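The next block holds one structure in the form of structure tokens; read it before the comments.
Just so it is clear, none of the values below were taken in a lab; they were calculated from the coordinates. Computed from a prediction, not measured in an experiment: that's the story for all the values here. All Cβ positions, glycine included, derive from the backbone under ideal geometry; neighbour counts span all protein chains shown.
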Amino acid sequence: MKDVVFSLPGEALGTAISAVLLGDFNNWDIDKAIALKPHKDGTLKAKVKLEPGQTYEYRFLLNDGRWVNDWAAQGYVHKQHFGIDNSVITVEEELLVAEKKTKTRATADKAAKTVSKAVKKVAEVVKDDLTKIEGIGPAITKLLEQEGIQNFRDLSKATIKKLKGVLDAAGSKFAMHDPKSWPKQAKLAAAEKWEELKALQQELVGGK
């Protein structure tokens, strides 16, 4: 149940001095009428516990016998049989609103984490100058990068079969290259063992 405050401005009283609240929530039963209490600002108010998600019709009954509507009602419904309008209120479903906000927040948090991981992953990708490997030039470097081989570490873990496949797929111009020594060279480069790499490359002929 949710506390709903009904308010009637003092000027609506006219010559009356008090008012009660009647509506669907008390079956319009005068014996169950809810008295409005006067406040310092001149308004009369009553707090009623109502079911969230439900719509209620209501009116104020003044002590001089006159019925008046809520000037600030959400809406009004015409009762043709009686030739009058009743005030209408629909109680907001707080729990559903809270759940929706929580779900939206959770979705936003999940999206933020996904973006964060993606950014981190991109940031972790380090490109090395693969042309430092004997037998690899700018054109082959581009081919390898397209296959996800971005640095010395990637190249050191690549199989000869995969490297040969990349070269063969690029055409005869590239298929003539022999990548057998590339992973070994890349392993030394990744470990920054430049002297050992230089010695190995001096033994190689065209990267073979």
*Using only Cα atoms, find the angle between the long axis of helix 94-124 and the longest principal axis of the chain, and express it within 0 to 90 degrees, rounded to the nearest 10.*
10
*Find, among the GluC sites (Glu not before Pro) in the range 125-208, those assigned to loop by DSSP (not H, G, I, E, B) with at most 16 other beta-carbon atoms within 10 angstrom.*
147, 192
*Once a ≥ b ≥ c are taken as the square roots of the eigenvalues of the Cα gyration tensor of the range 2-95, is the result rounded (a/c under 1.5), prolate (a/b larger than b/c) or oblate (a/b not larger than b/c)?*
oblate
*Who wins for biggest fluctuation among 72, 112, 169 in a Gaussian network model of the chain, springs between alpha carbons below 10 Å?*
169
*In the range 131-190, which trypsin sites (Lys or Arg not before Pro) fall in coil by DSSP and have 15 or fewer other Cβ atoms within 10 Å?*
180
*What distance in nm separates the simple spin-label points at residue 2 and residue 143, each placed 7 Å from Cα in the Cβ direction?*
6.7
*Å³ per residue of the Cα convex hull, for the chain?*
245
_Interchain or long-range residues, amide H under 5 Å from residue 54's placed H_ = 91
*Per 5 Å bin from zero, what fraction in whole % of the C-alpha pairs of the range 130-201 is there, up to the bin with the longest pair?*
3, 18, 32, 27, 13, 6, 1
*Looking at the range 1-97, which trypsin sites (Lys or Arg not before Pro) are DSSP coil and have at most 10 other C-beta atoms within 10 Å of their C-beta?*
40
*Using 1/(1 + (r/R0)^6) with R0 = 41 angstrom and r between the beta carbons of residue 82 and residue 40, what's the FRET efficiency to the nearest 0.05?*
0.70
*Return the single residue from 18, 181, 172 with maximal mean-square fluctuation; model: Gaussian network over the chain, springs between Cα atoms under 10 Å.*
172
_Gaussian network model of the chain, Cα within-10 Å springs - most flexible of 91, 20, 77_ = 77
*Residue-averaged 222 nm ellipticity for the chain, from DSSP H runs of 4+ at -39500 (n - 2.57), nearest 500*: -11500 deg cm²/dmol
